[in-house]
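Trainee: Sharing a structure, written as structure tokens. Questions coming.
FYI, it's all coordinate maths here, none of it is from the lab. Worth saying up front: this structure is predicted, and the values here are computed from it rather than measured. Cβ coordinates were reconstructed from backbone atoms using ideal geometry, including for glycine residues, and neighbour counts include every protein chain displayed.
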Amino acid sequence: MNDTTHENDRPQAPAREQAAEGGAEERARSEVRAFLLEEMREEAVRDMEYVTDSRTFYEVKMKYLGRAGRVTALLKRLKDVVAEERPALGKKINDLRVKLEEGFAVVEERIRRQEMAHRLAEERVDVTMPGRRRRQGTLHPVTRVRDLLIDVFVGMGFEIFEGPEIETDYYNFTALNTPADHPARDMQDTFYLNDRLLLRTQTSAGQIRLMEKKKPPIKMLSPGRVFRSDDDATHSPMFHQMEGLVVDKGITLCDLQGMLDEFARVVFGKGSKTRLRPSYFPFTEPSVEVDVSCHACGGKGCALCKGTGWIEVLGAGMVNRRVLENCGVDPDEYTGFAFGMGIERIAMLKYGINNIKLLTENDVRFLEQFRD
Ligand code: DAH
């Protein structure tokens, strides 16, 4: 029995010894591993405490759990461990991974809150603060008057026609009954570009261009810039004019005055009257200067109207037969009137502006005064 026992024990003895030795070793190894894993966990927890923003959060998380992270590296190396120890160790590492993931989730939430609070503080809008005012521009007085005139006359059935600013001598003078040797050419100091071309001195040139194209009845309004070599408090080398032309059967000077009365009321006020004084223009016969009763004093006489009660606002007249003929319109069949006014002049009178330069200086303190 003993023998048997002995016999039986003997070959087992070294195995048992081995097992006993192996168990101790294994335990030791396992303890070491557990210790190292705990160390790693503590280190990770310390690292987490130092995380202050999402960028460092990401870095720290990757250090442990990323593809090249320390915990991941441990899991990868599991295959090198003896098969029997693998499951237990695998579980331990996995537990560590789960713990760290939980820890990181808490940190992530903390960072998210912190950053949100920071952003809210930074982007805070105080709705009680006064807003930034946008400065609103105003229409230039010349634009305002031009638009007003267009409104008045378009309302009476006039059509807008715009001629070119660079004109030929023919349209600007000759066709308007002002041949080369005509003394009226001295009335205006012209900017010539060459023998034939010039900067138009008057929008009257548009009359010819339109009548060449269109047969009567005609009701034309022609606004535009004109140029003269002239420069003082009431003259500027460039200014704006508004030309009017009406051609039809049986048109008389009374039609002109009726329309101008309406114009005066809209531009200068309800009580305004007009009067016609004889004058001279080569392209009209008879020619008149049109005065409007002074809107500043109501006609009693003041500084603006120089005590006369009247202010000169425009030139006009019945279209000269020669002009109609130049355009192929039969003067025995048709008659017409024309008028022309300076828009700056009307604006200066209407708003009490005493120097034409104010209209081109673009000083906003001046321009701002023209608000509705
Ligand atoms: N063209 C003239 C000027 O510039 C103004 C003028 C006067 C136009 C009489 C007319 C008119 O149409 O009939 O001074």
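Trainee: Report the paramagnetic label zone for SER30: residues of the range 72-102 whose backbone N is under 14 Å from a point 7 Å from Cα along the Cα-to-Cβ axis.
Mentor: Within reach of a label on SER30: 82-93.
Trainee: Most fluctuating residue of GLY90, GLY244, GLY137 in a GNM of the chain with Cα springs under 10 Å: which is it?
Mentor: Greatest mean-square fluctuation among the candidates belongs to GLY90.
Trainee: Excluding residues on the same chain fewer than 8 positions from LYS76, give the lysines whose Cα lies under 20 Å from its Cα.
Mentor: Within the straight-line cut-off, LYS76 pairs with LYS61, LYS63, LYS91, LYS92, LYS99.
Trainee: Can you compute log10 of I(q)/I(0) for the chain with the Debye formula, treating each Cα as one identical point scatterer, at q = 0.08 Å⁻¹?
Mentor: -0.58
Trainee: Using the alpha carbon gyration tensor of the range 15-122, what are the three equivalent-ellipsoid semi-axes (square root of 5 times each eigenvalue), largest first, in whole Å?
Mentor: 38, 12, 9
Trainee: Let me ask something else about it. Once you've got the GNM for the chain with C-alpha springs shorter than 10 Å, pick whichever of LEU276, LEU304, LEU74 has the biggest mean-square fluctuation.
Mentor: In this elastic network of the chain, the residue with the biggest mean-square fluctuation among LEU276, LEU304, LEU74 is LEU74.
Trainee: Another question, then. Return a whole-number percent for the relative contact order of the range 237-335, with Cα pairs under 8 Å and 6 or more residues apart as the contact set. Don't skip to the end; give the middle numbers.
Mentor: On the way: 142 pairs, mean separation 24.7, N = 99.
It comes to 25 percent, rounded to a whole number.
Trainee: Then there is this: Given R₀ = 30 Å, FRET efficiency for LYS306-GLU159 by Cβ-Cβ distance, to 0.05?
Mentor: 0.25
Trainee: Going down the list LYS249/LYS273; LYS300/LYS357; LYS214/LYS350; LYS270/LYS350, which pairs span over 23 Å between their C-alpha atoms?
Mentor: Checking Cα-Cα distances, LYS249/LYS273; LYS300/LYS357; LYS214/LYS350 exceed 23 Å.
Trainee: Let me ask another. Springs between alpha-carbon atoms under 10 Å, Gaussian network over the chain: tell me which of ARG321, ARG133, ARG77 tops the mean-square fluctuations.
Mentor: Result: ARG77 has the largest fluctuation of those listed.
Trainee: Follow-up. Once you put a point 7 Å from the Cα of CYS297 and another 7 Å from the Cα of VAL45, both along the Cβ direction, what distance in nm separates them?
Mentor: 10.2 nm
Trainee: Could you work out how far the C-alpha centroid of the range 307-367 sits from that of the range 20-80, in angstrom?
Mentor: After rounding, the separation between the Cα centres reads 96 Å.
Trainee: A follow-up question, please. Do any cysteines of the chain lack a neighbour Cys whose Cβ is under 4.7 Å away, and which are they?
Mentor: CYS254, CYS327
Trainee: Tell me, what HN-Hα J-couplings in whole Hz come from the Karplus equation 6.51 cos²θ - 1.76 cosθ + 1.60 at θ = phi - 60° for each residue of the range 123-128, using x for Gly and Pro?
Mentor: Per-residue couplings from phi come out as 9, 4, 10, 8, 5, 8 Hz.
Trainee: Further question on the same structure: Under the rule of -39500 (n - 2.57) per DSSP H run of 4 or more residues, summed and divided by the residues of the chain, what mean residue ellipticity at 222 nm is obtained, to the nearest 500 deg cm²/dmol?
Mentor: -15000 deg cm²/dmol
Trainee: Classify the range 155-314 as rounded, prolate or oblate, taking a ≥ b ≥ c as the square roots of the eigenvalues of its Cα gyration tensor: rounded when a/c is under 1.5, otherwise prolate if a/b is larger than b/c and oblate if not.
Mentor: Details: a/c = 1.97, a/b = 1.33, b/c = 1.48.
Here the range 155-314 falls in the oblate category.
Trainee: For the pair ARG124/THR52, report the inter-label distance in nm, with labels modelled 7 Å from Cα in the Cβ direction.
Mentor: In this crude label model, ARG124 to THR52 measures out at 2.2 nm.
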